[in-house]
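This is the structure I have questions about; it appears just below.
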Amino acid sequence: STVSNEPAASGDGDAAGPFTIGVSNGFVGSEYRTQMISDIEDAASSYQDEGLLEDLVLENADTDVNGQIQQVRNLINAGVDAIIADPNSGSALDQVFQEATDQGILVFAIDQAVTAESVINVGIDQAEWAATSAEWLAEQVGDGGQIVAVNGISGHPANEARYGAAQEVFEAAGVEVLTTADGGWDQATGQQQMGNLLATYPEIDGVWTQDGMALGVLQAVIAAGREGEIVVTGEARNGFLQLWNEQSDDFESIGVTNPPGTGATALHLAMAMLQGQEIDESQLVDGNTLVLELEEPVTNENLDAVWSEVEGEGESYVLDSILSADDVQQFLVQD
Amino acid sequence: MTTTSPLVRLSGVHKRYGGVQALRDASLTAAGGEVHGLLGPNGSGKSTLGKVLAGSVRPDAAEIALAGEPVRIGSPRAAARLGIAAVYQQLSLVPDLSVGHNLVLGSEPGRLGFLSDRAAARRVAPMLERLAPALGDVRFDDAVRDLAPGQQQIVEIGKALLRQPRVLILDEATASLHRDQVALVFEIVRELREGGATILFVSHRLDEITELCDRATILRSGVTVAETSVPDTTPDEIVRLMVGDVQAVEREHGDVPDGPVRLRVRGLAGGALRGVDLDARGGEIVGLGGLQGQGQSELLLALFGATHATGEVEVDGEPVRLASPRTAASRGIALVPGDRGTQGTLPARPIQENLAIASIAGRSRVGVLSSRRERAAAQSMVDALAIKIGSLADPISSLSGGNAQKVVFGKWLLTEPSVVLLDDPTKGVDVGAKAEIYRIVRSLADQGATVIINSSEDRELVTVCDRVLVLFEGAVRATLVGDEITEERLVQAALRIGEGDQGAPAGEDAA
Amino acid sequence: MTRVVAILKDPVVVAALIAVLLIAIGGILRPGFASPDQIVDMLRVASFLGIIAIGQTIVVLSGGEGIDLSVGTVATLGAILASRTMAGDDALIVPGVLLALGVAALIGLANGLGIVLLRIPPFVMTLGMLGVVGGLILVVTGGRADGRAAPALVSLVNGRDVLGLPGILLVWIVLGVVVTLVLRRTVFGARLYAIGTSREAARLSGVPVRRVTVSAYVLSSLFAALGGIAMVGYSQQVFLNLADDLTLPSIAAVVIGGTLVAGGVGGYLGSAVGAIVLTVLTSLLTTLAMPEWARIVVQGVVLIALLAVYGRQRRLRS
Amino acid sequence: MTRVVAILKDPVVVAALIAVLLIAIGGILRPGFASPDQIVDMLRVASFLGIIAIGQTIVVLSGGEGIDLSVGTVATLGAILASRTMAGDDALIVPGVLLALGVAALIGLANGLGIVLLRIPPFVMTLGMLGVVGGLILVVTGGRADGRAAPALVSLVNGRDVLGLPGILLVWIVLGVVVTLVLRRTVFGARLYAIGTSREAARLSGVPVRRVTVSAYVLSSLFAALGGIAMVGYSQQVFLNLADDLTLPSIAAVVIGGTLVAGGVGGYLGSAVGAIVLTVLTSLLTTLAMPEWARIVVQGVVLIALLAVYGRQRRLRS
Ligand SMILES: Nc1ncnc2c1ncn2[C@@H]1O[C@H](COP(=O)(O)OP(=O)(O)OP(=O)(O)O)[C@@H](O)[C@H]1O
Ligand SMILES: Nc1ncnc2c1ncn2[C@@H]1O[C@H](COP(=O)(O)OP(=O)(O)OP(=O)(O)O)[C@@H](O)[C@H]1O
Ligand SMILES: [Mg+2]
Ligand SMILES: [Mg+2]
């Protein structure tokens, strides 16, 4: 078993359970994270019903890196068997993660990959995610097309990874990026920035943007009455899908899913591994990263079908994807 | 007095503040070993001229020579290096620092940037000892904040003296001092004069000027209008040089009014107050006498609800809650506070607002003001009190002390008060304005108001009061009525009580 | 001549000139920036900040180290409460707005009482309140702010129904005029300036210092909530940190507008112009193609330069 | 008896008691919270904030609405410069630290000169500087902060080599003692308090007000950079917003420690205790299992309550 020296708290023998799983999340001010946590809770409750999971310990707070280190220490002290963390930094938490794995605790990082080798990163490839919408946009505007990009926060690792990948796509496709603006991953700021860009770059054919800013950008484009001529990359979130759905049929966009359910997927993995299964090392990229496949993006092709399915959820609902306990078997060594 | 070559010569001094020409071609020449009076009405530029010499105001133009050497004085630090020290009208003490640290502030003794308390104490000790008669038992480590205003003023003077100046500027340094404290200051000034220093002395107290000064320069509207030898000039002439013809206010006692008691106080205690009883009738001007700091100011503040106090207060037979100045004001009580700068005026606000603020609610309709009515109300006070202003929209900070004080009066007159509390109302006010303020006080009483007045000047009490209550340690210990009120009797009464003689010095006992 | 010079020294005039200058520069560098549509758009965006800055102006004028660091979150909370209540339905606008204003008033009351009764410095009181309101937002939303602005609100902000201008601009102008009148022509205004200049002198003039102070903080929260509601009309959907970032800009707008940080001197017109300057500056920097770091640096430098101009004037005047 | 009461009224003592109380509560609710290891850990974390709060204390004491909103980013910049220079090599610690301090001193100098020469209010000057430094960080790093703390720095912070305690605690204590001596026993200290209480009185007494003010801002940036360097010893790798969030806590620590926001009254001991209280409070709330909203609310309420205690005392004393 990978779990060799199980903490005394979870008791009776090898691979038996019930287990305790800890979650560390260092940012609560977003709908995305809220959905991520509730996905994990939903997944956990079925294990709890089966008696396999004793407790799910949530360390969920707005905090900085130091605070998150504290969170992880708390989880270690609470005697958890596995930790699922959405880390605030790709490297600054390595040491405390190492402490955890040294004690035989399984650690999974979701949403943001970390460099600690003993941690298993689970998630989609952010570069691939960005490239998917960038490729779609490049195809729409064609060679020589002119676009602007509304980014998150310059210098932020997630933004650099995503925009870097998108930039490569645009270069290869001969698409010209006229300028970029920071929207701070904030819908209203994205809307304001797009308004400014529309006035001063009348020649643009398209906009590449990410996450919640897509809705703001689209609203600005609609407000300028140019939704027929400017192509906007979208977002797989209900708020955006609704506005998209309200547009005429020749309006096109794309929404690539960045599933908050990755945490729940990690939980299924954790439960399987705690019960004695081992991860299939050959599937790990860079030694410790498990790359989840992207879902089929939302496009005009499948918009109606997708929308009818998720319409009932709230506006902040993000299209999701959770691998089931059976699905995660593909990453595990099968005897 | 020896005559030497002029130690200080200022000429062609110009200074403009916004629209106000504070000094225009002012000049002053003073010799070493001379006490030189700098005289003039409020706002005539005395302080400004002093500040130019002390480096704290940069003139628009000026020629300054010290002992014949032309100098530029760019900052107080530069002035200090040239041996010029100043006591300003506004205290320049840091309340939270100790007396010792204040005394050496700006010229701290020490090595490599480290303070040496021992060196400082050594430097300060003789000064504290010298000042002890006026300062009392004040130690190096006492916080300045805990000292009485007069003591603070003495410390301020000590701070200037410590620099062993060859030019010392005393700008109304005696305004908040009592006679014994003034005596000590004069003694020290005379010693400095013997040592060859020049002392520039600014005061609105005529007796001080005639007693101390050798020569005097007189300013009016920023212009030097005269230079005169003080011993050779009569006081009346000095006044005339300063303010033109002022009709001196004669002492006039109204007949002791016999109406009903308007203000009745029983057992007022709290802070320095230890049970004050007092009765005052409408139309009566009651003075508060005694040594300084016996609770006179506290009594006025307490009656106005501005400090915590217990006891019974009735106005016209109705009890008053001592809750806040607001409740006091709503019962027709008004206070002209002792510190005009921090308590009386809203410096950056226009004169009109300063006049209006206490009575504003009464002129409003559902909280909305009529600009016409506001202007009219303010203008009525400017006219009634003959306040000299440029425009009602100018900030009150542009007014001279006397005029600012009249604005504070006007603010309360607009509320038509029935009880008027005055705390040192003519401090720093020139002779002319002082006379006008006495007339205002008298006419208030004539219109039926009760006036309670505290003053640092005994002559003021003699001039305006119908009755004086002598306070000691927070209680009324003696009363002087009518012709009993003379400067001698006031001093006697204060001192005899201070020495423990509890017997009534004269007149009736306090109620 | 001197009158012209005097007018040119008025901080409000300086700020307004700077706004015009920025637009002109933008227009030269990027045709389209000075187009009427873009200007209307910038004014629209400035109005949210401008409305929030009304309350901030009042609080700063009230003196006593007055500042309200909670306006951003209160605006967000107001937007969330209003938009969840109206849920895209015009009929529910009024209850939504009233609910938001009611809750905001309570928050402002708590700020004011903490400051006058418990004597907590405003900086810390409103900073603590920022935390408390942040918590409240999570309670109210459960971490998901699903709310939709009613169509009438959206068209008030995004439409151009009033003489070709967005209705929100009219609302802003009306609020600005009313506030200026309140400051200049009411008992409350006179007392606000009085306590801002000298609490002690005001108290001794019979001004109810505490009541006026508390009112200032209540008004601050109310205008913050109004600003938040306007903002949700713009973004149409609410989200968890909609207006959080407007706190520092609201203070900057007040200072740029020439209101003295120490209190007692200034007015709203300046803050409104300040809000416009900040918005135009941000927009201009967005549209110029330059690296993000350069944008940040330029923004900082322009702000400092702007205030240096006033500093020089303060010196000339005193 | 009255002496005991007097001591119990000292804000520093109150804050220290609160810290102990919080630890005790934590120990009861969560055994392990009051363990020596955990306490050492909390002190370690408090030391970064505490070092940054040294400079903030000096600036607040200097009065004139003194505040430094740039300390967080300056700390981050210091950490980035130092760690990129040392790049994991002990031999390069000294150049790294010197570079960081040198740049920080220039930033502080710019702040100070802007405030005294251009008369920009400190709030706005340091806010603008925050933007400028943020831009600088992007320039320096090109968006990727890949510095590494040298091992000696890491063991200074994370090891427990000095009598079983982390070396950084010793550094903090030494800095705290030195700063307290500087405030109480040097000409600079006496003048700092003087200008903080009354600039005018100080100027008239011949205190070089501008020079002292500028020095205060330079010191603030220097200590911010030191705090940032300590922090990178803790996290070992630097990142772009390492210490940005420490600005408001540094101000809160100063205020909790009893230093008057208006300047001139207070000292560093209080700020140090304030930093500990804030850290312990955050740790305690992180440790206790409660919903996030409750945590935020409790934090806000405890802060306000804490300051209310002082408020009451200020009233009693004055
Ligand atoms: N800092 C200032 N700003 C604007 N005006 C000023 C300033 N200082 C003085 N003035 C104006 O300059 C003139 C001269 O003032 P100054 O203080 O020298 O008078 P003064 O003779 O000392 O009066 P007082 O007897 O009241 O002390 C006055 O009109 C005053 O209002
Ligand atoms: N900063 C200032 N701005 C405008 N006027 C000023 C300023 N400082 C002083 N003045 C004016 O200069 C004159 C002298 O000022 P100062 O306050 O020293 O004397 P004062 O009003 O007679 O007070 P006091 O009686 O307490 O000595 C006054 O008219 C005052 O209003
Ligand atoms: Mg004077
Ligand atoms: Mg005077």
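Laboratory data are not the source of any read-out in this text; all were calculated from the coordinates shown. Because the structure is predicted, anything quoted here is derived from the model rather than measured. Don't worry about glycine lacking a Cβ; one is built from the backbone with ideal geometry, like all the others, and counts go over all protein chains shown.
Once the mean 1/r over all distinct Cα pairs of segment B:340-416 is inverted, what Kirkwood radius in angstroms do you read off?
Working: mean 1/r = 0.0819 Å⁻¹.
By the Kirkwood definition, the hydrodynamic radius is 12.2 Å.
Counting pairs of alpha carbon atoms under 8 Å apart in space and at least six apart in sequence, what relative contact order in percent does chain A give?
Numbers: 671 pairs, mean separation 60.9, N = 335.
Dividing the mean separation by the residue count of chain A yields 18 percent.
Moving on to the next point. Among B:Ser371, C:Ser215, which comes first, second and so on when ranked by fewest other beta-carbon atoms within 10 Å? Intermediate values should be presented prior to the final figure.
On the way: B:Ser371 10, C:Ser215 19.
Least to most surrounded, the residues fall as B:Ser371, C:Ser215.
Return a whole-number percent for the relative contact order of segment B:340-416, with Cα pairs under 8 Å and 6 or more residues apart as the contact set. Working shown, then result.
Working: 88 pairs, mean separation 36.9, N = 77.
Across segment B:340-416, relative contact order equals 48 percent.
Can you tell me which of D:203-211, B:320-328 comes out highest on packing, and rank the rest after it, using the mean Cβ neighbours within 10 Å? Walk me through the numbers before you get to the answer.
Numbers: D:203-211: 21.8, B:320-328: 18.4.
Per-residue mean Cβ counts within 10 Å order the peptides as D:203-211, B:320-328.
To check you understand DSSP bridge types, tell me what percent of the beta bridges within chain A (both residues inside) are antiparallel, rounded to 5. Present the calculation step by step, with values, prior to reporting the outcome.
Numbers: 4 of 39 bridges.
Antiparallel: roughly 10 percent of the beta bridges in chain A.
A further question follows. Give me the percent of DSSP beta bridges within segment B:6-243 that run antiparallel, rounded to the nearest 5. Write out the running numbers ahead of the final one.
Values: 24 of 41 bridges.
Rounded to the nearest five, the antiparallel share is 60 percent.
Let me ask something else about it. Give me the inter-chain shielding for D:40-49: mean count of other chain Cβ atoms within 10 Å, whole number please.
The shielding value for this peptide is 1.
Determine one quarter of the surface area of the Cα convex hull of chain D, which equals its mean projected area, and express it in nm² to one decimal. List each step's numbers first, then the result.
Values: hull surface 70.2 nm².
Its average projected convex-hull area is 17.5 nm².
Oh, and also: C:Leu17 label points, 7 Å along Cα→Cβ, one per copy: pairwise distances from this copy to the rest in nm, shortest first?
Nearest first, the other copies' label points are 5.8 nm away.
When Lys and Arg each count +1 and Asp and Glu each count -1, what net charge do the other residues less than 13 Å away from C:Ala216, Cβ to Cβ, add up to? Before the final figure, lay out each step's value.
Numbers: positive: C:Arg191, C:Arg199, C:Arg210, C:Arg211; negative: C:Glu65, C:Asp68.
In short, +2.
Sticking with this one: Kindly rank C:269-278, B:91-100, B:436-445 from highest to lowest mean number of other beta carbons found within 10 Å of each residue. Display every interim value, and only then the final one.
Details: C:269-278: 28.2, B:91-100: 22.1, B:436-445: 19.8.
The densest-packed peptide leads the list: C:269-278, B:91-100, B:436-445.
Hydropathy at least 0.5 by Kyte-Doolittle, axial extent at least 30 angstrom from the Cα trace: which helices of chain D, defined as entire DSSP H runs, fit?
Values: long enough: D:36-61 (34 Å, 1.41); D:93-116 (34 Å, 2.22); D:209-235 (39 Å, 1.19); D:292-317 (38 Å, 0.56).
Once both thresholds are applied, what remains is D:36-61, D:93-116, D:209-235, D:292-317.
Let me ask something else. Helix A:262-274 versus the longest principal axis of chain A: what angle, 0 to 90°, nearest 10, using Cα atoms?
It works out to around 20 degrees.
Which residues' amide hydrogens lie under 5 Å from the amide hydrogen of A:Val291, considering only partners 5 or more residues apart or on another chain, with H built in the peptide plane?
A:Val285
Between D:Ile28 and the same site in the other copies, what are the distances in nm, shortest first, taking label points 7 Å from Cα along the C-beta direction?
Sorted ascending, the copy-to-copy spacings read 7.0 nm.
Quantify how strongly other chains surround peptide C:142-153 by giving the mean number of their Cβ atoms within 10 Å of each of its Cβ atoms. Mind showing how you got there, number by number?
On the way: counts 4, 16, 11, 6, 8, 3, 3, 0, 0, 0, 0, 0.
Mean shielding by partner chains, rounded to a whole number: 4.
Rounded to the nearest 5, what % of the DSSP beta bridges within the protein assembly as shown are antiparallel ones?
On the way: 56 of 125 bridges.
For the protein assembly as shown, the DSSP antiparallel bridge percentage is about 45.
What angle, in degrees between 0 and 90 and rounded to the nearest 10, separates the Cα long axis of helix B:149-162 from the longest principal axis of the Cα atoms of chain B?
0
Please report C:Met231, A:Met273 as a ranked list, fewest other C-beta atoms within 10 angstrom at the top and most at the bottom. All intermediate terms of the calculation are to be shown ahead of the outcome.
Numbers: C:Met231 27, A:Met273 23.
Going from sparsest to densest Cβ surroundings: A:Met273, C:Met231.
At D:Gly102, with labels set 7 Å past Cα in the Cβ direction, how many nm apart are the copies from this one, shortest first?
D:Gly102 label point versus its equivalents elsewhere: 6.3 nm.
Right, another one. State the residue of chain D whose Cβ is nearest the axis carrying D onto C, and the distance in whole angstrom.
Of all Cβ atoms in chain D, the one nearest the axis gives D:Glu65, 4.
Using a 10 Å cut-off around each Cβ, can you sort C:Phe123, C:Phe239, B:Phe140 from fewest to most neighbouring Cβ atoms? Write out the running numbers ahead of the final one.
Details: C:Phe123 20, C:Phe239 29, B:Phe140 15.
Starting with the residue having the fewest Cβ neighbours, the order is B:Phe140, C:Phe123, C:Phe239.
In whole Å, how far is the Cα centre of segment A:138-213 from that of segment B:53-117?
The distance from the Cα centre of segment A:138-213 to that of segment B:53-117 comes to 62 Å.
Is it possible to state the helix-based mean residue ellipticity at 222 nm for the protein assembly as shown, with each DSSP H run of 4+ residues giving -39500 (n - 2.57), the sum divided by total residues, to the nearest 500 deg cm²/dmol? What is it? Intermediate results must be reported in sequence, preceding the final value.
Details: 55 runs with 782 residues, N = 1482.
Roughly -17000 deg cm²/dmol at 222 nm, from the helical runs in the protein assembly as shown.
Kirkwood hydrodynamic radius for chain A: how many Å is it when counted over pairs of different Cα atoms? Don't skip to the end; give the middle numbers.
Numbers: mean 1/r = 0.0478 Å⁻¹.
20.9 Å is the Kirkwood radius here.
Continuing with the same structure: Where Lys and Arg each count +1 and Asp and Glu each count -1, what net charge lies around B:Ile452 among other residues with Cβ under 15 Å from its Cβ? Kindly include the intermediate steps, with their values, before the conclusion.
Details: positive: B:Arg262, B:Arg264, B:Arg281, B:Arg331, B:Arg442, B:Arg467; negative: B:Asp277, B:Asp279, B:Glu284, B:Glu298, B:Glu314, B:Asp423, B:Asp424, B:Glu460, B:Asp466.
In short, -3.
Please state the relative contact order of chain B as a whole percent: Cα pairs under 8 Å, 6+ residues apart? If you can, show how the numbers build up before the last one.
On the way: 1064 pairs, mean separation 76.9, N = 511.
Worked out over chain B, it gives 15 percent.
Using only the Cα atoms, what convex hull volume per residue in Å³ does the protein assembly as shown have?
Numbers: hull volume 288.1 nm³, N = 1482.
Spelled out: Cα convex hull of the protein assembly as shown, divided by residues, is 194 Å³.
Could you please state, rounded to a whole Å, how far the C-alpha centre of segment D:118-171 is from the C-alpha centre of segment A:256-335?
Result: 38 Å between the Cα centres.
Cα axis of helix B:487-498 to longest principal axis of chain B: angle in degrees, 0 to 90, nearest 10?
Tilt relative to chain B: about 80 degrees.
Highest first, please rank the peptides C:174-181, D:41-48, A:192-199, B:397-404 by the mean number of other Cβ atoms sitting within 10 Å of their residues. The partial results should precede the final answer.
Working: C:174-181: 15.8, D:41-48: 24.0, A:192-199: 26.4, B:397-404: 21.2.
My ranking of the peptides, most packed first, is A:192-199, D:41-48, B:397-404, C:174-181.
Within 10 Å of each Cβ of B:131-140, how many other protein chain Cβ atoms are there on average? Walk me through the intermediate numbers first.
On the way: counts 0, 0, 0, 0, 0, 0, 0, 0, 0, 0.
Average per residue, whole number: 0.
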